[in-house]
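Here is the structure we will look at.
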Amino acid sequence: MPEIKREVIPLEVNYVCDSCGKGMLEKVGEMDPKTGEIKHQCMICSDKKVFKWKSYPRIEHAGKDDKF
Ligand SMILES: [Zn+2]
């Protein structure tokens, strides 16, 4: 297969705190390599939440013509 390139748009993905609805969750510590669990904490109310195999904030890329 030949190498191909396309232009993409970076998208910041955040998770708004379920508890206070204002703060954004931020990753605290590293992912557990066995369970994939990543601890997060709200920057405003310090509410804690665990996500598996994903962390916030993160950057994803979308193609210029993709729907998002
Ligand atoms: Zn909060």
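See the values below:
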{"item": "Where Lys5 falls short, out of the listed (1) of a type in the set (D, E, K, R); (2) in contact with a Gly (Cβ under 6 Å, 6 or more places away or on another chain); (3) at pLDDT below 95", "result": "(2)"}
{"item": "Filtered residue count, segment 39-68, keeping only those that are hydrophobic (A, V, I, L, M, F, W, C), touching a strand residue (DSSP E or B) at 6+ places or on another chain (Cβ under 6 Å) and either within 15 Å of Met24 (Cα to Cα) or loosely packed, with under 11 Cβ neighbours inside 10 Å (or both)", "result": "6"}
{"item": "Subset of segment 42-68 (residues that are assigned to a strand (DSSP E or B), of a type outside the set (Gly, Ala, Ser) and either at pLDDT below 95 or under 23 Å from Leu11 (Cβ atoms) (or both))", "result": "Cys42, Lys49, Phe51, Lys52, Arg58, Ile59, Glu60, His61"}
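The values are calculated or read from the model by the stated rules, or taken from the named source; none is laboratory data. This structure is a prediction, so every number in the text was calculated from the model and none was measured. Positions of Cβ are backbone-derived with ideal geometry, glycine not excepted, and every protein chain shown enters the neighbour counts.
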